[in-house]
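Structure first, then comments.
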Amino acid sequence: MMKKLSIVILLLIAGVWQLHGQNSKVTSGVMALDANNVGEAISKLEEGIANKALFTKNTKPVSKAYYNLHKAYLRVANAGEDPTLADLKKKYPDAAWRSKVYLDSAYNSLDGAEYKKRFVLDNSAQNLWYALFFEGASLFDAQKHAEALKYINAAEEVNPDVFLTSRLLGPIHLALADTANAVTWLEKSISLYKTRYITPKPEELAKLRENASFTQEFKQDSGQLSYVYRQLAVVYNAQKTPEKALTLLEEGIALTGDKDISTIELSIYQQNPSLFEGAVKKFEAAIAKDPANNTIKLAYASMLERNKQNEKAMELYTQVLSTDNSSIEAHYGLGASYINQAAALSEEKAKTNNEKKIDELNEKILALLDKAYPHMKFLHEQQPNEREWLSQLVVITGNTNRMDEMEAYGKKLAAMNK
């Protein structure tokens, strides 16, 4: 009986010493972190929590270890170019994620309430948010969208309602083909921007802008706002709600003055025939405001063509070529317009037996093909491997008695078709 009792006592003593050893490792880990020996701190603290069963009756050491591991990994994640932490950054590329995991573990321990208060007192939310956001943004740039979502969701959890977080969650969800959530986050980012920078009274904003940090954030967020409006408008348009997209863009233009937003606006008008009347007014106003902008003129001309207003479209193409004779779009627009007119007259000719009418139509057809010729020739010179231009040149040169050229173009076309 005494022998059995001695064994029990020995086992209890061994357990006490094991617990003491674990506690000691946690303590030494915390001390190492306080001394800025981050690598040693991580090693000791990880070792200290290796056998969690030993902490069944005393949770304070393990909770303390969790929280200090969160702090240690956060230092690694936000080390920047610190040469003393370079090796640790290589060793722990997921330091930001580890920091968040250990913070959650501290929160979920029996001492969680204490560490939630400590996290606030340590003012760590911004630092952990930055680490998670930066890593998530890097993953998004690398097109690792699912991983990026994990990090950015964690950043939102740590520090909710940050404009940049919502702004990035929108395109991440779009990349993952989750349009509903993309819209939710893009809309939220605009709402957050307004709440922070637009809604406050002028005197409140003036006081806030005395803070250098606020001013920096304002510039940073404002630089991203235009993107949000453009992205959300494109989604609305794709969802067959162009009017909603246009209303949003008007607001975006008023807030940012970004010319790129105006371009998206014109593009949506161009894509939706039902908005033609409003589109004409918008394009005319845009050209009047920026008469040298050939991109707007080309988009307007294309829209006019689709709405059977070819004469006005050709006028715009001609205007573009008068200032930029290298415009492929303008050469194509004019060349195709002349060819289409010639084709329409050919159909008309096929329906009549009146010789005089046929002669008149032939003359008009040849005149149109002559006008189309230099534009098709230019397109072929710019894109020599495009079959369409060669096919048109064979037809044009054959009908306008340019027989040598027709033969040369014909041989090129035949060689392509082999």
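The values are calculated or read from the model by the stated rules, or taken from the named source; none is laboratory data. Small disclaimer: the values here were computed from a predicted structure and weren't measured. In this analysis, Cβ positions are derived from the backbone assuming ideal geometry, glycine residues included, and neighbour counts consider all displayed protein chains. Heads up: the accessible areas ignore ligands, DNA and RNA and are worked out on the full protein's heavy atoms, side chains in. Shrake-Rupley method; radii C 1.70, N 1.55, O 1.52, S 1.80 Å.
If r is the Cβ-Cβ distance from residue 415 to residue 224 and R0 is 60 Å, what FRET efficiency results, to the nearest 0.05?
Details: r = 52 Å, r/R0 = 0.86.
Calculated value: 0.70.
Set the Förster radius R0 to 60 Å, insert the Cβ-Cβ distance between residue 324 and residue 125 as r into 1/(1 + (r/R0)^6), and round the FRET efficiency to 0.05.
On the way: r = 53 Å, r/R0 = 0.88.
Efficiency, from the Cβ-Cβ distance: 0.70.
In whole percent, how big is the carbon plus sulfur part of the accessible area of the chain, probe 1.4 Å, protein atoms only?
Numbers: 12670 of 23660 Å².
Reported share for carbon and sulfur atoms: 54 percent.
Could you check how many percent of all C-alpha pairs in region 324-418 are farther apart than 19 Å? Don't jump to the answer; show the numbers that get you there.
Working: 1965 of 4465 pairs.
Of all Cα-Cα pairs in region 324-418, 44 percent lie more than 19 Å apart.
Round to the nearest 0.05 the FRET efficiency obtained for residue 295 and residue 211 when R0 = 51 Å and r is the Cβ-Cβ distance. Don't skip to the answer; put the middle values down first.
On the way: r = 41 Å, r/R0 = 0.80.
With R0 = 51 Å, the Cβ-Cβ based efficiency is 0.80.
May I ask you to compute the full-extension gain from residue 201 to residue 84, defined as 0.36 nm times their residue separation minus their alpha-carbon distance, rounded to one decimal in nm?
Numbers: separation 117, 0.36 × 117 = 42.12 nm, distance 4.66 nm.
Computed gain between residue 201 and residue 84 is 37.5 nm.
Using each residue's phi in region 332-348, evaluate 6.51 cos²θ - 1.76 cosθ + 1.60 at θ = phi - 60° and report the 3J(HN,Hα) Karplus result to the nearest Hz, with x for Gly and Pro.
So the J values, rounded to whole Hz, are 5, x, 5, x, 5, 5, 5, 5, 5, 5, 5, 5, 5, 5, 5, 5, 5.
A 22 angstrom limit on the alpha carbon distance is what I want to check against. Which of 349/371; 71/91; 357/377; 201/289 exceed it? Spell out each step's value before the answer.
On the way: 349/371 20 Å; 71/91 17 Å; 357/377 30 Å; 201/289 33 Å.
Over 22 Å apart, Cα to Cα: 357/377; 201/289.
So if I restrict to the alpha-carbon atoms in region 84-214, what is the Rg, and what is Dmax, the biggest pairwise distance, in Å?
16.9, 49
Among all stretches of the chain without exposed GluC sites (Glu not before Pro) (DSSP loop, at most 14 other Cβ atoms within 10 Å), which one is longest? Numbers along the way, then the final one.
Working: sites that count: 81, 210, 386.
Longest site-free region, per DSSP loop and neighbour criteria: 211-385.
Provide Rg and Dmax in Å for the chain, with only Cα atoms included in the calculation.
Computed over the Cα atoms of the chain, radius of gyration and Dmax are 35.0, 133 Å.
Helix-only mean residue ellipticity at 222 nm, the chain, DSSP H runs n ≥ 4 weighted -39,500 (n - 2.57), per residue, nearest 500. What is it?
Numbers: 21 runs with 333 residues, N = 418.
Roughly -26500 deg cm²/dmol at 222 nm, from the helical runs in the chain.
Suppose every Lys and Arg Cβ carries +1 and every Asp and Glu Cβ carries -1, with no other charges. What dipole size does region 289-418 come out with about its Cα centre, to the nearest 20 debye? Can you show the working numbers first?
Numbers: 17 positive and 19 negative charges, 54 e Å.
Roughly 260 debye for region 289-418.
In µm²/s, what is D for region 145-189 at 37 °C and 0.692 mPa s, where D = kT/(6 pi eta Rh) by Stokes-Einstein and Rh is the Kirkwood radius from Cα pairs? Before the final figure, lay out the partial values.
Working: Rh = 10.0 Å.
Taking Rh from Cα pairs, D becomes 327 µm²/s.
Could you report the chain's accessible area per residue, 1.4 Å probe, as an integer in Å²?
Details: 23660 Å² over 418 residues.
Counting only protein heavy atoms, the per-residue value for the chain is 57 Å².
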